[in-house]
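To start, the structure itself, in structure tokens.
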Amino acid sequence: MDDSEYGTARSIDEIDLRIINALQWSPRSTWDALAGPLGLDAATVARHWRRLERERLAWTTITPGPRILAQVSTALLEITVVPGARGSVTEVMTGRPPR
């Protein structure tokens, strides 16, 4: 089966949204565990997720646990820089020259 039948490039369909929502509630779930409640096959869930990752529409990341969050402030930033500017942006943001 071709992934393209599950949404065109750079789009998120209803199944994708259901998978994303399920993973937000239960991020360590297996495809098998998610498939039943979503009314889908595990292979379908995995195929949708692979497409979302490949097209950079969804991704995984980590976050500190509650004990750390109670002690510090955190932020996730997505920064787009022009080609060739990564080193100078890194230096400005960290106060250190790039390696």
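The values are calculated or read from the model by the stated rules, or taken from the named source; none is laboratory data. Keep in mind that what you see is a predicted model, and the values were worked out from it rather than measured. Every residue, glycine among them, receives a Cβ derived from its backbone with ideal geometry; neighbour counts consider all protein chains shown. All accessible areas refer to the heavy atoms of the entire protein, side chains included, with ligands and DNA or RNA removed. Shrake-Rupley method; radii C 1.70, N 1.55, O 1.52, S 1.80 Å.
Structure data summary
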item	result
Residue list for the stretch 73-94, filter: farther than 30 Å from D16 by Cα, assigned to a loop (DSSP other than H, G, I, E, B) and at pLDDT 85 or above	V82, P83, G84, A85
Meets criteria (modelled with pLDDT under 90, open to solvent by 30 Å² or more (accessible area, probe 1.4 Å), among the polar types (S, T, N, Q) and closer than 19 Å to T60 by Cα) for S11	yes
Residue among R50, R56 that is among the basic types (K, R), at pLDDT below 90 and open to solvent by 50 Å² or more (accessible area, probe 1.4 Å)	R56
Among residues of the stretch 21-51, those that are under 17 Å from I62 (Cβ atoms) and more than 16 Å from the chain's Cα centre (by Cα), counted	0
Meets criteria (under 26 Å from S11 (Cβ atoms), open to solvent by 90 Å² or more (accessible area, probe 1.4 Å) and of a type outside the set (K, R)) for L40	no
Members of the stretch 52-72 that are among the β-branched types (V, I, T) and part of a helix (DSSP H, G or I)	I68
